[in-house]
Structures are given as C-alpha cells and as structure tokens.
Amino acid sequence: MVLNGGTDVVIQLRDRLINPEYVVDIKRIPGLDELRFSKEEGLHIGACVNMNRLGGDENVRTYYPFLANAALSVGSKQVRNRATCAGNLINASPLADTSTPLLCLEAVLEVEGPDGKREIPINEFFVFVRKTTLQKDEIVTGIRVPYYEGAEGIFTKVSRRNKVDLSTVCSTVMKYAGQYRAAFGSVAPTPRRLPKTEACLNEGPLDDARIDRAVELALSEVSPIDDVRASKQYRLDVVAMALRRGLESLG
Amino acid sequence: MKYVGQSIERVDAIRKVTGQAQYVGDFHMPRMLYAQVKRSPYPHAKIISIDVSKAEKLPGVRAVITGECYTKRCGLYLEDKNFLANKTVKYQGEAVAAVAAETAEIAQEACDLIEVVYEELPAVTNAIDGMKPDAPLIHPDLHTYKVAPIFFPKPHTNISHHYKLRKGDVDKAFQECDYVAEHTYYIPHVQHVPLEPHVAIAQYEYDGKLTVWASTQSPYAVRQALSVAFEIPLNKLRVISPYVGGGFGSKAGTTIEGIIIPLAMRCKGRPVKLQYSREDEFQNSYVRQGLHCKIKTGVKKDGRIHAVKNEFVWDGGAYTEYGVNIVKAGGFASAGPYNIDNVWTDSYCVYTNHPVGGPYRGFGMCEIHFAIEQNIDIVAKEIGMDPVEMRRINGLRVGDKTCMGETMVVSGYHECLEEVIKDIGYGEKSESTNPRKVRGKGIAAGWKSPSMPTNAGSAAIIRMNEDGTFFLMTSGQEIGQGSDTALTQIAAETLDVDPKLITIRTGDTDHTPYEWQTVASRTTYCAGNAVKLACEDLKKKILELAQIKLGAYKRDLEFKDGYVVHKIYTDRKVPLSEFALGLAFDDGSGVGGPAIGVGTFTLENNINYDKETGIGEHPVAFWTIGVNGAEVEVDLDTGEVKVLRMVSCFDAGKVINPETFCAQSEGAMVQAMGTALFEELILKNGHILNKNFVDYKIPTADDMPELDVKYIEHAEPTGPYGARGVGEPLMVPGAPAIANAIYDAIGVRFNRMPITAEEVLKALKEKANK
Ligand SMILES: Cc1cc2nc3c(=O)[nH]c(=O)nc-3n(C[C@H](O)[C@H](O)[C@H](O)COP(=O)(O)OP(=O)(O)OC[C@H]3O[C@@H](n4cnc5c(N)ncnc54)[C@H](O)[C@@H]3O)c2cc1C
C-alpha cells in the first residue's frame, strides 16, 4: 500500500477498513514533489504535491483558478499541508474535491509500473467507489493538465459546514472557446462529466430556455443517493443550483 | 471591590498554554495495564452466552470480566444502571465484557476473541412509542429499583419518572382566553463533544485501598456511587480529578470508572487505564436526551398569557439514573421566565434503546426553550402582536410568582430584553448585497435554576503559609469554565490579599474538602460561598490574635493588602504572615496555632416542592435570567444559514471576572448555534449513524458570528458578593433566537433542530409551491 499524504490511508487503517502487509511511503522519492507550468506543456503536478502548494501556486491561481479553489476547499489548512492531489484522485471517493476541475480540464495521470510507463486519461480512471484502473503494482508519478488559453471555470462546493467538511455536492462548470464542460462529484459512484448536458449547452447560444433544458438533462445524468450527509432530493436541488449559478456567471 | 469584578489573568492560563497542565490522559504509571471494552452490536438483545476462554488465553491478557461479575445496580437518583450489561443489552454499544492487558492493542485483540451469542429483542426507538401500553419493556423490574423519594417511576412501563406541575386551574383558564393554540416541537439527541474524551485509571492495592484518577466534574459524587456499587468504605476510596478537558455535563456522575474497577480488583497493585475514543465518546458516555414537546398556550386580547399546558416526553435512553432529574428540571421550569397564573405540565422520562441520556449544559433548558421561545413568537404573530411586546407584557418582574409559585426577589428580565433589542437593532431591516440572500433578526429569553438536591453541600479550607501566602482547597472542579480563577478572586477579596498569593487546589477526595458536584452552574455560588466563609473564619481567628498584638479592639481592625491594620490609626499594622503559626509572645510562648479557616455552605430554607403539584415556597436556590438576539442571513438557493451576529445580556448578580464571563457567554452562544444549525446524533433503529466528526459537525472558527456580550448586575441575596451561576443559563436562549431570526428572514418556522441547509431549502420549496 502506497502512503502519500496519508490523510486517507491513516484513517482507513485506524478504522480497520484496510489491513495492508506493507505501507510504503513515497514522499522522499526525488522528483515526485515537482510542480511546473508552461503554456506549451501545461501544468505538471507531481504525485506528492500537497493541496496548499497546488492551491497557492502563482501559475495555478492565474491559469487554473477553479482548480486552485478546489484544492483549497479540501479539509483544513493542516490537512492540506499533507493531502495530495494525486492521493485525492487515487482514493477515488465520489466526492473528491479536485476531481471535477481535473475532469473538465481532461487531465492525464502519469503512471509507472513493472512494465514501464503509461498514461491514463482521467475520464478512464474512475471505475467505482474507491476503484480505479490503476493496477496494484503501479504508482502515479504525476498529473498532467493541458493549458487552455482563455478558459474560465467555476468550482462549487456545497457542504453542511463551510470549512473542514466533505462535499455534499461538488462541481465544476468550465467554458473554453465558447464550449461548456461540466463535471459533478458526490452524485454518482464516481465523479463524472455530464456529456448530454454539455452537448445541449454546446448546440447553440446560451439563453434561459437552454439553461433550463441543460439543468433538466443534468438531473437525468446524475444518480445521487440518500445518506447521512444529505437526501437524494437535496443533492438534485444543489446540482440544479450549481449548474445554473455556474452558467450564469460564465455567461 | 478590589479583586472581585476585575479581569485578572486566569490562574491556570500559563499551565494550560504551555502544555504543563496534566490531564488523566497524560498519566503513565509503572506497570500500567490498558483496558478495552467489548460492546453490543444490537440496541436491544438478550445475552444468551459469553465465551471469554479464547480471550483469557491470549498472551498479555491479565483480566477479563463480564456483567455477571458485578450484578449490583447503581445510579445517582434511580438505581437502574449496570456498568456492564447484565442478561440483556439495552443500547447499541453497551459494554458486555472488558479486558485488561499489557497493551491496548492486546486488549483489543482479546475483545475481538470474546464470543457473545445474542437473541435480538424488539427495540424502543422512539420515546412516544415507548410510552404506549404494548411497548416492549426495557426495565421489566423497574418497580423493584431503589429511587430517590422525589422521583416517580411508573411500574411495568418504560416511564422512569413522571413529573407534575399544577398551578391554578388550566381548564377553566383556557375558556377565559381569547386565543388558544397548540404547537409541537422536537429536539434531537446531541453530544457534548468535550475536547478530551472520557478517561480513567483505577488502582486497587493489597490493603483494600482503591484509587481512581478520572476526568470528572464530580469526584465526590463519583466516590459515593462507586462506594455503593463496589461496597468499599469511603476512607478506602480515593478519587482524584486533575485538570478536566471540558465536560459540559458529560463528566458528571459515573460512566467509565465502573468498568475498570473490577479489572483493577483482579490485577491488584497494577493501575488499569481506559481511554475513550471519539466514537466511544459519542456512543458510550452521555448524550443530551431527545425531547418531544407539546405546548398549548392561551392568551387574552391584551397579550397576557393566561394559561399554558405542556407535555414533555424525554427520550431518556437505556438508563435514566441521572436523566430523571433533567426531566424534573425541564418540568419545573416549563413556563419559562414568564408570569403565568395557570400552568399544567406533565414531563415524562421514557426508557428507549438509545444511548444513555445525561446532563448537558442547560440541563433541559436549551431543549424546552427552543419550544417556549419560538412559541411566544408564533402566538404573538397569530394575535397580531410584536413578539417583543408580548415578552414585555409577560416577562417576570420582581414580586411576580414563578410557575412553581415562588416569589421573584430579583429579575433582570426586562432590562436584559431592552439591552438586546437595542444592540441587535430589532425592527430595523438590514439587507444583503446579494439579492439571493435575505436577512432576519430574532430575540429569545431563557432562565435556569440549579437543579440540585435542596441540601447540596460545599466546603472550603484556606491555609496560610509562614510567608503569608495561601492554599485554598475546594473540590469545585476547573473544567475550563474558570472556576479556579473565580474562587481565587473571592478568597482574595475576602482576605484583601493579592490573588497571586493564593494557590488553589481541587479534586482529591482524600485531601480537598467535600463538594457535591461541579454541575448546575453552582460552583461560583455554592463553592464560592464556602470559600468566602472559610476566609471569614480565618479572618476571625486572626483578628482574635491581632487585637492582642495591636492592643486594640478587633472591631477597629481590618485586613488590608496583606496586613492587619487599625482602621483609625492606620500606621498601626502587622503583616498577616506574623499570624501564620499563631501569635508568639516575647517570653517565647505562643497561642492560636497555624492559621487555617474552614467554610461550609448549604443553602438554608431550600425546601422540596409539593410532590403532587410541584408548588413550593423556596424550591430552588436562584433563577438566572437573560436574553439573546441573533441576526442571520439565509441563502435562498442553497438554504444555507449564516449567523452574522449574536448578542447576549444576562443578569449575573455580580460578575466576578468580566473576561471569563465574556468567554463563557461567547462559548455558550457558539455552542447554542452548533445545536441550532448542525448538531444531531442521527439515530436509525437504535443505531448511531454519525458517531464521528466526519458526520457530526460542530461550528469551526470560520462559523463564528460577531458576538457581543453584555450583563447587568442585580445582586443575588444569598450569593457570594451577589454572584449567581451563569455557565449553563448563558446557552439557553441562543438556539431559539436563531430560529426566530430565520423566521424573520424567510417566514418559515422550524419546529425541529438542527435547522440545516437541507431543511431550509426543502421548506423554501414547499412555501413556493403553496
Ligand atoms: C480531516 C480531513 C478532511 C478531509 N477533507 C476533504 C475534503 O474536503 N475534500 C476531499 O476531497 N477530501 C478530503 N479528505 C480526504 C483526503 O484528505 C484527500 O482525499 C487527500 O487528497 C488524499 O491525499 P493523501 O496524499 O493524503 O492520500 P493518502 O492517504 O496517502 O492515499 C490515498 C490513496 O491513494 C493511494 N496513493 C496515494 N498516492 C499514490 C501514488 N502516487 N501512487 C499510487 N497510489 C497512491 C494510497 O495508497 C491510498 O489508497 C479529508 C481528510 C481528512 C482527514
């Protein structure tokens, strides 16, 4: 079992949800803490880059502000000093806060294993709650995020309490070159893009009728459940609100 | 006054901020053993068999016990509790067996090896259902239990106490009213979430001496309960309570001590420690009882409340040895701080297969006021009157009679109300810059009296050292509320010495004198009175000696700045230290002996109310009254409620330390806000779904509203320097003030806490669809 920031692993150990034979800390492997950006190559987030570093980085704040916001919405300052973006994706919780911006940005996970290197596009990464296409003997070395000239996005997190809480629903609505993308978390077994909703939004000009139709489609593309945190109905209400507010502010 | 009324630095401040203060969790002793507990997975089940043989064989295990080892029941007011389940388990998480081992991990492994066979029984998971005649009985032998004479269990039912209040003629009075309405409310279970979870260590020595170190608010009450339960004489039982990392009521009475004592008795000489996890804390310490509340109110055209009929059904959980007293307190305060001639209240304590209910800051008042104070707003609105006006008309004034029939000798109700109205800007609308957010303001009042035995006692000892410094000893416990500081200030004031010269020692039943419990907001009042009496005793003794020394009548002498000084010839003075070992004469002889003062306090003429009617002349020590105001902002799209501002004004009698008073007020408002907006122990079929901080939310620093604290001071005639208790009352009006503010913002009433974003959004949608 790989130990990164440990903010998921340690809790799963304590709750006796996992019982690994070995726990291997990867934080000292040289190069894994790299965070770099160029317009040509986009953003590279090393596997061990923590949320405070990601969210506080000048380039990330300038070119991917909604990703920065998502990173800074995770847990508390102390948690963010340890929690990594890679760990957040690999843990594959339906509510992982950095998953929706990275889904919209079509990030790619860089993977290394006994058979060498490979890449997994994020939309092929999540399989189910806590299940990904990463193999047992592979590790993620970094996350590559393309650069989108002039892209804008809105990250929304609705939780029971403003700080140090898990998302009841999280989402990103992004606009790039006149086209919209939308991804939601905590509304299905994995965080997901909403292709039908996006198609509708990208068919023609954004007017009230289109927004209404998009909201309707979004509600059909998500399948939230009732749990301790919220009812299915509340989650649906929030999906509608977040999409509407996102589209209204992106214009 | 010189020291009382000053914001002196907390006497425990440096020890706490530097981490020097020792809590029981910090204690590591040679040859210590660690305990773990095997717990029931079912809310209600018969124990068919327990097989501990595998656990006993595990290397490192030193003792294993089950409920069969100790079948004696105990309890503070009603002896209905076993420390380990006996024959049946009555809530999910109840202890069925416990292990002491060389490490906590071995103890845990041993617990996993214990095999318990259960037969599930139908569970009572709602107090209202629990009252029905066909409900499964949780304590079939209730009629045989020992009970204090002021509580009335109903044999062969789940009702462990029925409290009655009967003032005036309610039926007749309703007919005289111009308007009558009935409303219902529900307050769910919440937990105290002290920073430090429960922890205790027990050591049983070969000569039969038992020492217990416990994070507890009540070392003497714990000693008493354990002495009865384990038949140990009090001179062989020592309870030590060092610093306590927050209690809020959860550390009153006994919870975990009874589990480790039988283990310690089997491992003579070795200390056995049990440390609760946060999950244990939520499930296996105490919770605040749930409450189903029905209020029928009758008013006259002029806004006078003429009659009230209340039915309170409390969800007491599996054991109500302590809970019955909360039910009583909720019952006798049921009319709120209002002058109402006709009051009828039935307050029931009902056993359920839920976690054990116990004392929680407010002792029933927060729960009933969530109903009472919304009810006033609702009824006022229904008769077209401003709720604040209705409060002005009905609020208790000096000379009015409370619902228990006693006459108010002090009441700051109206002054507090006007202060808060002014401060919050009641009636002035403020607007958000965001058109999708709306604001509202609300007001609520509250009252509370200590719910303690009418003859509860406190004692204090003050010793002077040879250099004129002092040791002050009481067993009023510092649980974060600042009592060490307040008691030191009372002593400093009485002796007229610098508080820095006094060191306070508490919490050791072998060495510090008796204190009933640190509960009921009684410490400053009761222990404070004992401290003042002890200092006066010391003063009296020293003045006897000083008149010889100074050749003056004692009535002309006084304590001043560490000296005995002649009141007229002020240059004639002697330092107090000269009397520390008595008075020495020139010929080498002496009189008096070491200086020590003793003070004991029981409030006199505090008499039980009538059992049938609840009416009494002087049934409680005092009433503390105050008012809160709140301003909220509601997000119409998400339902999220943000509390922008809260104001508190209480009649404190006399504020001993303004800064700690302010801290108590602020903490109380934020705690009240937590219950109003976030907190609920979610129970489903007797299972707790959120026994952790992932899903049980309390406010963070980010949620803090702007807080404004005020107070007025109408002296309590029997209080030390006029002080009365405030720690709990301060929390009482917070939640209903927020609920009233939410109503003001969006025109929706919530008769249930917590008022979560989800509930608000649902209600807004329903309102829009209407
Ligand atoms: C108090 C608290 C609050 C939290 N709040 C939030 C929140 O608001 N939003 C949110 O989304 N999450 C939250 N979390 C969850 C957690 O912090 C995040 O999911 C975090 O990003 C996980 O990162 P990590 O580095 O700590 O992962 P770890 O715990 O180290 O690992 C997580 C998983 O990923 C695997 N893993 C990690 N790195 C690699 C790698 N390079 N290669 C292969 N496998 C790897 C581990 O084996 C493990 O299965 C919270 C946690 C806590 C304790």
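The values are calculated or read from the model by the stated rules, or taken from the named source; none is laboratory data. Being a predicted model, the structure only gives us computed values, none of them experimental. Glycine also receives a Cβ, built like all others from the backbone with ideal geometry; neighbour counts cover every protein chain displayed. Please note that ligands, DNA and RNA were not included when accessible areas were found on the heavy atoms of the full protein model with its side chains. Shrake-Rupley method; radii C 1.70, N 1.55, O 1.52, S 1.80 Å.
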### Message
Suppose the filter is part of a strand (DSSP E or B), in contact (Cβ under 8 Å) with a residue 60 or more places away in the chain and exposed (fewer than 14 other Cβ atoms within 10 Å of the Cβ); does A:Val127 pass it?
### Response
yes
### Summary
Those residues of segment A:81-110 which are over 18 Å from A:Ile26 (Cβ atoms), within 8 Å of the ligand (Cβ to nearest atom), surrounded by fewer than 24 Cβ atoms within 10 Å (Cβ to Cβ) and not hydroxyl-bearing (Ser, Thr, Tyr) amount to A:Leu95
### Message
When you scan segment B:177-188, do you find a residue that is open to solvent by 20 Å² or more (accessible area, probe 1.4 Å), without any contact (Cβ under 8 Å) to a residue 12 or more places away in the chain and either outside any strand (DSSP E or B) or of a type in the set (S, T, N, Q) (or both), even just one?
### Response
no
### Query
In segment A:233-245, is there at least one residue being open to solvent by 50 Å² or more (accessible area, probe 1.4 Å) and more than 12 Å from every other protein chain (Cβ to nearest Cβ)?
no
### Message
Being open to solvent by less than 10 Å² (accessible area, probe 1.4 Å) and within 24 Å of B:Cys177 (Cβ to Cβ) is true for just one of B:Thr297, B:Thr320. Which residue is that?
### Response
B:Thr297
### Task
Only residues in segment A:94-106 that are among the hydroxyl-bearing types (Ser, Thr, Tyr) count as the first member; pair them with residues that are open to solvent by less than 10 Å² (accessible area, probe 1.4 Å) and more than 10 Å from the ligand (Cβ to nearest atom), Cβ under 6 angstrom, at least 6 apart or cross-chain, and list the lot.
A:Thr100/A:Ser171; A:Thr100/A:Thr172; A:Thr100/A:Ala183
### Query
Has segment B:506-515 got at least one residue that is in a strand (DSSP E or B), in contact (Cβ under 8 Å) with a residue 60 or more places away in the chain and not hydroxyl-bearing (Ser, Thr, Tyr)?
yes
### Task
Could you look through segment B:624-640, keep only residues that are open to solvent by less than 20 Å² (accessible area, probe 1.4 Å) and not in a strand (DSSP E or B), and pick out the one that is farthest from the other protein chains (Cβ to nearest Cβ)?
B:Gly639
#### Entry: Residues of segment B:103-136 that turn out to be in a strand (DSSP E or B) and touching a Phe, Trp or Tyr at 6+ places or on another chain (Cβ under 8 Å), as a count
2
### Task
Can you give me the ranges of the helices (runs of 4 or more DSSP H) entirely in segment A:1-70 with at least 1 residues that are open to solvent by 70 Å² or more (accessible area, probe 1.4 Å), away from the ligand (no atom under 14 Å from the Cβ) and closer than 26 Å to A:Glu106 by Cα?
A:58-63
### Query
Is it true that some residue in segment A:29-38 is touching a residue at least 60 places away in the same chain (Cβ under 8 Å) and of a type in the set (Val, Ile, Thr)?
no
### Query
Which of the following residues is closer than 20 Å to A:Leu72 by Cα, within 13 Å of another protein chain (Cβ to nearest Cβ) and among the β-branched types (Val, Ile, Thr): A:Val164, A:Val215?
A:Val164
### Residues that are assigned to a helix (DSSP H, G or I) and either outside the structural domain of B:Arg439 (by TED's automatic domain parsing) or open to solvent by less than 60 Å² (accessible area, probe 1.4 Å) (or both), drawn from segment B:744-755
B:Ala745, B:Ile746
### Query
Out of (1) out of contact with any Leu (no Cβ under 7 Å at 6 or more places or on another chain); (2) in contact (Cβ under 8 Å) with a residue 24 or more places away in the chain; (3) within 13 Å of the ligand (Cβ to nearest atom), the odd one out for A:Arg161 is which?
(2)
### Query
What single numbered condition from (1) open to solvent by 30 Å² or more (accessible area, probe 1.4 Å); (2) more than 14 Å from every other protein chain (Cβ to nearest Cβ) fails to hold for B:Glu758?
(2)
### Task
Sort out which residues of segment A:166-189 are within 16 Å of the ligand (Cβ to nearest atom), over 12 Å from the mean Cα position of the chain (by Cα) and open to solvent by 10 Å² or more (accessible area, probe 1.4 Å), and write them in order of number.
A:Leu166, A:Ala188, A:Pro189
### Query
So which of B:Ser475, B:Ser432, B:Ser411 ends up being part of a loop (DSSP other than H, G, I, E, B), open to solvent by less than 10 Å² (accessible area, probe 1.4 Å) and not hydrophobic (A, V, I, L, M, F, W, C)?
B:Ser475
### Exclusive hit being among the β-branched types (Val, Ile, Thr), away from chain A (no Cβ under 13 Å) and more than 30 Å from B:Ile424 (Cβ to Cβ), set B:Ile596, B:Ile688
B:Ile596
### Among the candidates B:Ala768, B:Ala741, B:Ala676, residue that is farther than 23 Å from B:Arg522 by Cβ, small (Gly, Ala, Ser) and open to solvent by 60 Å² or more (accessible area, probe 1.4 Å)
B:Ala768
### Message
Residue under question is A:Arg192, and the condition is that it be basic (Lys, Arg) and open to solvent by less than 50 Å² (accessible area, probe 1.4 Å); does it hold?
### Response
no
#### Entry: Of all residues in segment B:19-58 being assigned to a helix (DSSP H, G or I) and out of contact with any Leu (no Cβ under 6 Å at 6 or more places or on another chain), the one that is nearest to B:Trp213 (Cα to Cα)
B:Val24
### Residue that is nearest to the other protein chains (Cβ to nearest Cβ), among those in segment A:195-212 that are buried (at least 16 other Cβ atoms within 10 Å of the Cβ) and under 20 Å from the mean Cα position of the chain (by Cα)
A:Thr197
### Summary
Residue set B:Lys301, B:Lys273; condition assigned to a strand (DSSP E or B) and touching a residue at least 12 places away in the same chain (Cβ under 8 Å); output residue B:Lys273
### Message
I need the helices (runs of 4 or more DSSP H) fully contained in segment A:132-251, keeping only those with at least 3 residues that are basic (Lys, Arg) and under 15 Å from A:Leu103 (Cα atoms).
### Response
none
### Query
B:Gly482 versus (1) at positive phi; (2) open to solvent by 10 Å² or more (accessible area, probe 1.4 Å): which is the lone unmet condition?
(2)
